[in-house]
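Taken together, the values in this text are just the output of simple stated rules run on the coordinates, not laboratory data. Being a predicted model, the structure only gives us computed values, none of them experimental. Using ideal geometry, Cβ is built from the backbone for each residue, glycine included, and neighbour counts are taken over all protein chains shown.
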Amino acid sequence: MSARTLPVPNIRFKIGSITLLVAAALMALMHFSLIFFLDEPVLFTGFAVFNIYALIVIWIPFRRGEKWAWMTTWLLPVGLALPAALDPDIMIFYFAVAAVCVLGLVLSMQTFFSKK
């Protein structure tokens, strides 16, 4: 299977991918540290692994321009918004990070779906 790669990413793609990388890395770091500081290490281990997976997908195939990676990366904002909808204590922070991830995906969308 041949994957479509980006010849020259534009500035919107660069800003979007960097935004997604930073959001995924900070969330992974936060969830990894919460394993040691809060009472539910298994829950935060799952969240940390989820964010590390998103970070790897964004770092390698997303930046190569593989369309499946763009679609898969939508799991990141959805995965952040769902727990936020159930817990009002974390709602504002998680919704804000999810919104930043959506912004990063929207900024990079033109690169993935252009007809060139």
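Among the residues of region 60-116 satisfying the criterion of being among the hydroxyl-bearing types (S, T, Y) and more than 13 Å from the chain's Cα centre (by Cα), which is farthest from A24 (Cα to Cα)?
Filtering region 60-116 down to residues among the hydroxyl-bearing types (S, T, Y) leaves 72-73, 94, 108, 111, 114.
Keeping just the survivors that are more than 13 Å from the chain's Cα centre (by Cα) gives 111, 114.
Values: T111: 21, S114: 25 Å.
Among them, the one singled out is S114.
Pairs are defined by a Cβ separation below 8 Å, a sequence spacing of at least 6 or placement on different chains, a first member in region 51-66 that is within 19 Å of Q110 (Cα to Cα) and touching a residue at least 12 places away in the same chain (Cβ under 8 Å), and a second member that is among the aromatic types (F, W, Y) and not in a helix (DSSP H, G or I); no pair meets this definition.
Run down V97, V106, V78 and say which single residue is closer than 12 Å to T19 by Cβ and loosely packed, with under 15 Cβ neighbours inside 10 Å. Just a single option satisfies the conditions, and that option is V106.
Name every residue in region 104-116 that is over 16 Å from L55 (Cβ atoms) and touching a helix residue (DSSP H, G or I) at 6+ places or on another chain (Cβ under 9 Å), in order of residue number. Outline the logic, then answer.
We begin by selecting, within region 104-116, every residue over 16 Å from L55 (Cβ atoms); these are 106-107, 109-116.
V106, L107, M109, Q110, T111, F112, F113, listed by residue number.
The set of residues in region 82-103 that are more than 14 Å from N51 (Cβ to Cβ) and not hydrophobic (A, V, I, L, M, F, W, C) comprises D87, P88, D89. Residues that are outside any helix (DSSP H, G or I) and either touching a Gly at 6+ places or on another chain (Cβ under 8 Å) or of a type in the set (D, E, K, R) (or both) within region 70-116 comprise D87, D89, K115, K116, listed in sequence order. Do we have any residue at all in region 21-31 that's β-branched (V, I, T), under 17 Å from the mean Cα position of the chain (by Cα) and surrounded by 12 or more Cβ atoms within 10 Å (Cβ to Cβ)? The answer is yes; a qualifying residue exists. Please go through region 38-75 and pick out each residue that is farther than 23 Å from S17 by Cβ and either buried (at least 19 other Cβ atoms within 10 Å of the Cβ) or out of contact with any helix residue (DSSP H, G or I) (no Cβ under 9 Å at 6 or more places or on another chain) (or both). The answer is D39, F44.
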